Each structure stands twice: as structure tokens, then as C-alpha cells.
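*Asks:* Before anything else, here's the structure in question.
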Amino acid sequence: MRRLAGRSERDALGVVLRALADAHPYVRSAAAGVLGQVVETSTRRTLRRRIGRLREVPARAHATATYVVWADAEGEAGLLVALGDGAPAVRIAALDALVDLAPAHFVERATALLADRDGGVRAAAVDCHVHWQRAGTGPARALDQAMWQRLRGDPDPRVRLAALEGSVATESEEAKVAVARGLADAVWSVRLRAAELSVRRANRQVVEQLVATLDDERRRVRAAAHAALVTLTGIPFEPDPARWAAWLEGDGRTFDPSQVDPDTPAAAQPKRPKRTETVEAVRFLGVPIVSQHVVFVLDASGSMRDAAGAGRTRWEVVRAELAAVLDGLLQGKDRVHVGLVRFADGVERPYEGLRRLTPGLRRELLADLAATRPAGRTALYDGIAAALADPAVGQVVVLSDGAPSTGTHFTKTALLQGVRRANRFRRARIDVVAVAADRVARRWRDVLARIVKEAGGTLVRR
């Protein structure tokens, strides 16, 4: 595909256009890059019209990258058409492509997409406007109070989460209202993000809502609310709702959160209490299980047959470790829901999504692992993406002993971007156990660390 760069013959360009619909995103991206090198205005105009008639949604979506590279009237025309495309994926791709552009006609069209019929498009439009406002790019203007209010009440949680983050990031007057409302949202990921952002935009109502959130059904949300209260007040109480409620009605009556500086260096922040809600006894090869909704993503490639010492293979060690973890979770006080994903050349699961952990499910999962014969290469991204497909997932625990070598994304940049997109509105914590990490090529050694850093997880090297 790349060898066709610079060719302008009709047949050659036809091959490139067909490649925009290739099954693999790398080929589609290469095709978009080749089209981006076309320089003749008349040829660009013909290509733009032909792209608009392509039936395949991925082809039209990837073409938005071509339009940005052209950076001329034909490119702008192509983006405007993409913003009105009938497929949400194309409209989202066009909004993503507009992040570094902001001519007035794009701003107006992006503003119209805040009322799009698809929630993903509306959320992408919010992100686009927030980026323009923070960067001071072009004629972008701040969203008014009525618009923020409508976005906070959007029926799609992705839009509500984007509006919450946007109002805080742009220092909108609506930020404190957004945080308080977010803490009471029906969707756990919005409540979690509101608790994390509350230290930057807190008032009396936010503090009261944080205390109420200590009773949240989600462990991660409770932990985030507790951390916010300790940071705001400097009081190292344990996460006991009754104790915090008593403080709120007593000494806390005069507490003014507006006097707290959210930019205080970490060294000067109050110390966190030693006890947390993490169940320290339940760990998977050193990774603490901090959510009641956890998916284990296990490398089942051929290298997992290698010896791990004591006469066992790496796969046998993983099976024994997971058995112990499931036993520990069954003995806990919380109801736990678990999922299992195995990845090698592709992805396999004993069942879709998450199911409540019971002794019967434990036997089913262990039987599945016992019947698995590790083989093939390493589709790391596909395993993580499969786990993030369920909106209920709160924690993804990944175990791998190699760098990605197949699947949807197996270059460093593409893998990181793919995981970032997949987790944009999930807000799942991602932890990684890297087995024999010193044997991985040097260029891959920081990828797993970057994934866990962005997702608030931990990296354990074994």
C-alpha cells in the first residue's frame, strides 16, 4: 500500500480507496496516508467525491485523516461532509480530526452535533469544544450555562461524564453543580469521576454529597469519595459514613471547602489514613483486587507453556493463583462479579461480560483454564478491549509474558491510543502483571507501565 504513494493513476487510486475498507486498521491507516500525499486539487476533488460514496463505514471514517492532511478547501469540504455522515463512527472520527482546527464553520457544525441523535457523537462534540476552549484555538466560544445544564442531564452517561470533566477543566461556573450532580449520578463511572474531581471544585453541597457517597454500592467510588474528603479536610478519618456524618453536623458545620487549594503540592497534603477499603488479602500475583466487578485478562500464547520453576509451567502457576484469588473473593463480604478473557492469536471467553461469583462459577472458570492449551501469538490489545466492552467492569487485571505480536493493534502508539479510547468512558482501573518482562524487547518495556499509569493501576513484574 505504501509503495503506491505518489501514484495518481486511476487504477492505483482505486486500489487505495478499496484499502480504506480493509479488515485491518493498519492497512486502512496506510491507505489514508497514501491519499494524503495526493497534491493535485482536481484529483483531490475527485477522491473526496468517491470517498463520500463508499459504502463501508470504516473507509469513510479513516478518510477524515486524509482531509486533515490536505488542509485545503477540499479537505475542509470533506470534513464538513463527514460531520453530517449518516454513520455515528464517521461523525466521531470527523470530530476527533477537528481537535487541532477551529474555523468558524467547523465550530458551528460541531455545536450542532451537541444535539446529535447518537450519544457517542454528543460526547465527542463536548470533548472537541472543551479542547478548543482550553487551547484558545480559533473562534471557539465557551458553552453557556443553559448548554452545560442540558449536557449534565443528557440521557447518555458518556455525555454526562464528558460534560462533568469539561466543566471542571474549563473552570466553568457550573463546575461545582456538575460535581455535586455527578456524585448522585445513576451510573457508577460518572460518580467515580465526580469524586475524583471534587477536590478541584468543592462547596458545602459537594462535601455533603461526598459523605453520602461513602455508602456507595461501588467500592472504587467509596474509596475515591473517602480520599477526596481526607484531602479537602485534612482529617484522616477511616471511611466510616457515620463518623463523617457526625463530623459534618458538628465541627464540620463551619468547614469552608473554598479555602482549600487544590494545587497544593502533594508533600504538603494531609497524610491518608493507613486503612483503606482495598481487600489486602485478595491479590492476584501481587495485584490487589479493588473492585467488585473485575475481569481477568490472561495471556494464553505459546510462551505460557515455558517453565516457571518448581516443575510447573507459567500457565499452571496462573491457574493456581486464580483459584486462590477466587476463593478469597468468595469469602469476602461484598458480592463480586467476575469475567475471564483469554488471548493468543485471538480472544476467547467462557461467557460474555461479568457474572456473579459463586462456587459453581469458580469451578466453571477453573475447568476452562484447565482445558486451555496455550499456543499462538499475543493479541494483547484485543484481550484488554474485550474486557472493557462491558460497561459494568471496574477493574481489568492483565497478565502477559510478551509484547503484542498480532491482533487489532500491535504497535506501541496504536495500542496505547486504542486502550485510551476503549477506556475513555469506562473509567476502569487497569492493572498488569508482567511475567518475564526482562525478556521483552526494550522498546516494549514501558508500554505496560504507561497503560497502568493512565488507568490508575499498578504494574507488577514477576
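The values are calculated or read from the model by the stated rules, or taken from the named source; none is laboratory data. What you are looking at is a predicted structure, and each value in this text was computed from that prediction instead of being measured. Note: ideal-geometry Cβ built from the backbone for every residue, glycine included; neighbour counts use all protein chains shown.
*Asks:* Here are the criteria: (1) at pLDDT 95 or above; (2) buried (at least 21 other Cβ atoms within 10 Å of the Cβ). Tell me which single one P155 does not satisfy.
*Replies:* (2)
*Asks:* Among the residues of the stretch 298-321 satisfying the criterion of being buried (at least 18 other Cβ atoms within 10 Å of the Cβ) and of a type in the set (S, T, Y), which is nearest to V398 (Cα to Cα)?
*Replies:* Going through the qualifying residues, I end up with S301.
So that you can scan it fast, the table gives a plain yes or no per residue for (1) in a helix (DSSP H, G or I); (2) of a type in the set (F, W, Y); (3) within 23 Å of the chain's Cα centre (by Cα):
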position	(1), (2), (3)
A89	yes, no, yes
D96	yes, no, yes
H105	yes, no, no
E108	yes, no, no
R117	no, no, yes
H129	yes, no, yes
L161	yes, no, yes
S167	yes, no, yes
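*Asks:* Based on what the data block shows, is D215 touching a helix residue (DSSP H, G or I) at 6+ places or on another chain (Cβ under 9 Å), modelled with pLDDT of 95 or more and surrounded by fewer than 16 Cβ atoms within 10 Å (Cβ to Cβ)?
*Replies:* The answer is yes for D215.
*Asks:* What residue, among those in the stretch 69-81 that are out of contact with any Lys or Arg (no Cβ under 7 Å at 6 or more places or on another chain) and of a type in the set (A, V, I, L, M, F, W, C), is nearest to V107 (Cα to Cα)?
*Replies:* In this case the residue turns out to be L79.
*Asks:* Would you check which residues across the stretch 376-414 are assigned to a loop (DSSP other than H, G, I, E, B) and closer than 28 Å to V221 by Cα and list them?
*Replies:* Listed by number, the residues that qualify are A389, D390, P391, A392, V393, G394.
*Asks:* Let me ask something additional. Go over the candidates G383, G360, G402 one by one and state the one that is in contact with a helix residue (DSSP H, G or I) (Cβ under 6 Å, 6 or more places away or on another chain) and either crowded, with 18+ Cβ neighbours inside 10 Å or farther than 14 Å from S301 by Cβ (or both).
*Replies:* Being in contact with a helix residue (DSSP H, G or I) (Cβ under 6 Å, 6 or more places away or on another chain) and either crowded, with 18+ Cβ neighbours inside 10 Å or farther than 14 Å from S301 by Cβ (or both) holds for just one of G383, G360, G402, which is G402.
*Asks:* Here's a follow-up. Output yes when any residue across the stretch 415-427 is among the small types (G, A, S) and either assigned to a loop (DSSP other than H, G, I, E, B) or touching a residue at least 60 places away in the same chain (Cβ under 8 Å) (or both), and no when none is.
*Replies:* Taking the stretch 415-427 as the starting set, the residues that turn out to be among the small types (G, A, S) are 418, 422.
When the remaining residues are screened for being either assigned to a loop (DSSP other than H, G, I, E, B) or touching a residue at least 60 places away in the same chain (Cβ under 8 Å) (or both), the result is none.
Checked the stretch 415-427: no residue is among the small types (G, A, S) and either assigned to a loop (DSSP other than H, G, I, E, B) or touching a residue at least 60 places away in the same chain (Cβ under 8 Å) (or both).
*Asks:* Also: Of everything in the stretch 79-89 that's in contact with a Gly (Cβ under 9 Å, 6 or more places away or on another chain) and in contact (Cβ under 8 Å) with a residue 24 or more places away in the chain, which residue is farthest from L114 (Cα to Cα)?
*Replies:* Narrowing the stretch 79-89 to residues in contact with a Gly (Cβ under 9 Å, 6 or more places away or on another chain): 81-82, 85, 88-89.
From what's left, in contact (Cβ under 8 Å) with a residue 24 or more places away in the chain: 81, 85, 88-89.
On the way: V81: 17, D85: 15, P88: 13, A89: 15 Å.
Looking at the filtered set, the residue picked out is V81.
*Asks:* Related question: I'd like to know if the stretch 83-94 contains one or more residues that are under 17 Å from R50 (Cα atoms) and charged (D, E, K, R).
*Replies:* yes
*Asks:* Still on this model: Got a number for residues in the stretch 329-346 being in contact with a strand residue (DSSP E or B) (Cβ under 9 Å, 6 or more places away or on another chain) and assigned to a loop (DSSP other than H, G, I, E, B)?
*Replies:* Here the count works out to 3.
*Asks:* Hey, among R200, R181, R193, R220, which residue is assigned to a helix (DSSP H, G or I) and over 21 Å from S291 (Cβ atoms)? Full working, then the answer.
*Replies:* On the way: R200 fails: assigned to a helix (DSSP H, G or I); R193 fails: over 21 Å from S291 (Cβ atoms); R220 fails: over 21 Å from S291 (Cβ atoms).
Answer to the check: R181.
*Asks:* Quick one: in the stretch 316-339, of everything that is of a type in the set (D, E, K, R) and closer than 27 Å to R305 by Cβ, which residue is farthest from the chain's Cα centre (by Cα)?
*Replies:* Filtering the stretch 316-339 for residues that are of a type in the set (D, E, K, R) and closer than 27 Å to R305 by Cβ, the one farthest from the chain's Cα centre (by Cα) comes out as E316.
*Asks:* Say we look at the stretch 428-462 and pick out the residues that are free of Cβ contacts under 8 Å to residues at least 24 places away in the same chain and assigned to a loop (DSSP other than H, G, I, E, B); which of these is surrounded by the fewest Cβ atoms within 10 Å (Cβ to Cβ)?
*Replies:* That would be D446.
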